[in-house]
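Encoded as structure tokens, the structure appears first; notes follow it.
The values are calculated or read from the model by the stated rules, or taken from the named source; none is laboratory data. Bear in mind that the values here come from a model prediction, so they are computed numbers and not experimental data. All Cβ positions, even for glycine, are placed from backbone atoms using ideal geometry, and neighbour counts span all protein chains on display.
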Amino acid sequence: MFVDKKRILILHNTYLQKGGEDTVVLNEIESLKKNGHTVFYKEFSNESFNKKGLASLLFPFSILFNWYSFFEVFFFLRKNKITILHAHNIFYKATPAVFWAATWHGAKTILTIHNYRLFCLNSYFFRSNQLCFDCLHQHSFKSGLKNKCFKNSYWASLSLAASLRFNNWINTWQNKIDHFIVMNEFTKELLMQSGIKENKIHFKHNFIMEIPEESTVPKKDFYLFVGRLGVEKGINHLLTAFVQLHKPLFIIGDGDLSALVQEATNEYIQWLGPKYKQEVFHYMQQCKALIFTSICIEGMPLTIIEAQSLGTIPIVAKLVNTEKMIADGVDGLLYEPPNHLGLLDAIHRFEQLSPEKLLAMSNNARNKALKYYTEDAHMKLISEIYNK
């Protein structure tokens with residue numbers, strides 16, 4: 001699909017808990033290789049920062065501008081004659097130093113923005129169980145420092161804030177990154193407000209490597225939640241709603257609120273724990289609808305995309321990003337979070353839909369996935385960005 005083949009380094013700083021972002025990175029590598037490109041993968045890990053020792057002691061200094069990452073990436077790029085450095089997550093061990101290394105080498109630099117780390121210390125505009133834009137509106141991380149928004153630590157928050165400000169001061173974001181890939185218009189607006197030129201920002205959907213054939217699996221009488229069991233995922237109002245509904249709910253995932261979910265289990269609410277992807281798809285095919293209750297601002301949740309690709313109707317908390325993904329009443333339902341009454345109302349609306357309307361919504365959801373979330377759609381857009 002590309003006019004010419006590239007030598008690409010995909011760089012990713014993995015998280016301590018695996019998530020959708022890691023899946024996106026692996027899919028991108030596989031897709032590029034399938035299309036004939038020479039792809040290298042370099043992974044950084046933050047595991048050492050959670051252990052006592054020299055790495056944890058040096059964390060406040062290394063997060064600012066990691067010279068070890070700089071030289072490691074520079075010599076890797078030079079040795080393998082890389083023409084494009086495409087980074088996903090760069091925090092906390094890789095650091096923005098990798099873009100300086102790539103520029104020094106002469107490679108094109110690209111950053112995919114999956115979250116809001118450049119603008120918010122905890123990366124998803126969420127604090128004290130609600131949305132928070134204090135640092136964004138005040139153009140300062142003072143609130144994030146006061147509330148220890150990164151790792152619940154003042155010193156860790158100060159280190160990250162210093163890194164972000166330092167790299168803004170030395171113009172890393174403006175001059176050392178050739179192109180930014182975003183997954184929603186909200187991120188684009190934030191980047192432009194921070195001084196990034198519009199022609200450097202490109203919108204691209206997340207994608208699924210292989211969208212399954214249209215399912216013939218009959219639907220069963222249960223709703224499904226898939227995701228991390230954290231406050232920011234709306235677990236509290238999810239449980240409150242279904243305790244009142246007395247309708248079957250299967251919960252797949254693990255996290256900080258596992259004990260709360262375990263306590264709420266009853267004849268209707270079942271916690272299945274973490275599952276492999278194929279098992280998740282099996283439950284998605286069978287459920288009446290996917291319930292997506294996240295109350296933090298995410299990039300472009302893969303869970304919604306995966307459900308739509310299977311023709312499963314999503315019932316989704318309406319936020320600045322998800323309201324652009326779902327056409328209410330057309331390919332899914334939206335509700336106002338975090339009040340559980342909004343979710344109850346959405347489920348009542350869903351229960352009242354005719355079989356014909358449910359089939360139409362299911363078809364619309366799948367057709368959206370076939371139009372926007374395929375590997376072909378991804379390769380078309382990524383090729384345009386790489387060749388700019």
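Looking at the stretch 370-388, I want the residues that are over 12 Å from residue 6 (Cβ atoms) and of a type in the set (Phe, Trp, Tyr) and have a partner that is modelled with pLDDT under 95 and not in a helix (DSSP H, G or I) with Cβ atoms under 7 Å, at least 6 apart or on another chain. Which pairs are those?
Between residues of the stretch 370-388 that are over 12 Å from residue 6 (Cβ atoms) and of a type in the set (Phe, Trp, Tyr) and residues that are modelled with pLDDT under 95 and not in a helix (DSSP H, G or I), the close pairs are 372/205; 373/205; 373/206; 373/207; 373/208.
Does the stretch 369-380 contain any residue that is over 24 Å from residue 132 (Cβ atoms), surrounded by 21 or more Cβ atoms within 10 Å (Cβ to Cβ) and touching a Ser or Thr at 6+ places or on another chain (Cβ under 6 Å)?
Taking every residue of the stretch 369-380 in turn, at least one turns out to be over 24 Å from residue 132 (Cβ atoms), surrounded by 21 or more Cβ atoms within 10 Å (Cβ to Cβ) and touching a Ser or Thr at 6+ places or on another chain (Cβ under 6 Å).
If I filter the stretch 135-155 down to residues being surrounded by fewer than 21 Cβ atoms within 10 Å (Cβ to Cβ) and in contact with a Lys or Arg (Cβ under 8 Å, 6 or more places away or on another chain), which single residue comes out as nearest to residue 231 (Cα to Cα)?
147
Of everything in the stretch 185-218, what is of a type outside the set (Val, Ile, Thr), surrounded by 16 or more Cβ atoms within 10 Å (Cβ to Cβ) and in a loop (DSSP other than H, G, I, E, B)? Give them in sequence order.
Within the stretch 185-218, 204, 205, 206, 207, 215 meet the criteria.
Collect the residues in the stretch 233-250 that are more than 17 Å from residue 336 (Cβ to Cβ), not basic (Lys, Arg) and not in a helix (DSSP H, G or I), keeping them in residue-number order.
Matches in the stretch 233-250: 246, 248, 249, 250.
Return yes when residue 309 is touching a Phe, Trp or Tyr at 6+ places or on another chain (Cβ under 8 Å) and either crowded, with 17+ Cβ neighbours inside 10 Å or more than 21 Å from residue 346 (Cβ to Cβ) (or both) and no when it is not.
Spelling it out, residue 309 is indeed touching a Phe, Trp or Tyr at 6+ places or on another chain (Cβ under 8 Å) and either crowded, with 17+ Cβ neighbours inside 10 Å or more than 21 Å from residue 346 (Cβ to Cβ) (or both).
Six or more apart or on different chains, Cβ atoms under 8 Å: show the pairs whose first residue is in the stretch 3-24 and farther than 26 Å from residue 105 by Cα and whose second is of a type in the set (A, V, I, L, M) and at pLDDT 85 or above.
20/302; 23/302; 24/302
Checking residue 320 against (1) surrounded by fewer than 23 Cβ atoms within 10 Å (Cβ to Cβ); (2) modelled with pLDDT of 95 or more, only one condition comes out false. Which one?
Here residue 320 meets the rest and fails (2).
Pick from the stretch 219-232 the residues that are of a type in the set (Phe, Trp, Tyr) and outside any loop (DSSP other than H, G, I, E, B): which of them is farthest from residue 279 (Cα to Cα)?
Looking at residues that are of a type in the set (Phe, Trp, Tyr) and outside any loop (DSSP other than H, G, I, E, B), I get 223.
Limited to the stretch 275-294, what total is found for residues that are crowded, with 23+ Cβ neighbours inside 10 Å and within 23 Å of residue 89 (Cα to Cα)?
Number of matching residues: 1.
Which count do you get for residues in the stretch 330-388 that are among the acidic types (Asp, Glu) and either assigned to a loop (DSSP other than H, G, I, E, B) or over 26 Å from residue 223 (Cα atoms) (or both)?
Counting residues in the stretch 330-388 that are among the acidic types (Asp, Glu) and either assigned to a loop (DSSP other than H, G, I, E, B) or over 26 Å from residue 223 (Cα atoms) (or both) gives 5.
So, in the stretch 92-113, how many residues would count as being surrounded by fewer than 23 Cβ atoms within 10 Å (Cβ to Cβ), out of contact with any strand residue (DSSP E or B) (no Cβ under 6 Å at 6 or more places or on another chain) and touching a residue at least 24 places away in the same chain (Cβ under 8 Å)?
Total satisfying the criteria: 5.
With respect to residue 57, is the statement that it is modelled with pLDDT under 95 and out of contact with any helix residue (DSSP H, G or I) (no Cβ under 9 Å at 6 or more places or on another chain) true?
So residue 57 fits the description; yes.
Any residue at all in the stretch 265-280 that's in the same structural domain as residue 359 (by TED's automatic domain parsing), in contact with a helix residue (DSSP H, G or I) (Cβ under 7 Å, 6 or more places away or on another chain) and assigned to a helix (DSSP H, G or I)?
No, the stretch 265-280 contains no residue that is in the same structural domain as residue 359 (by TED's automatic domain parsing), in contact with a helix residue (DSSP H, G or I) (Cβ under 7 Å, 6 or more places away or on another chain) and assigned to a helix (DSSP H, G or I).
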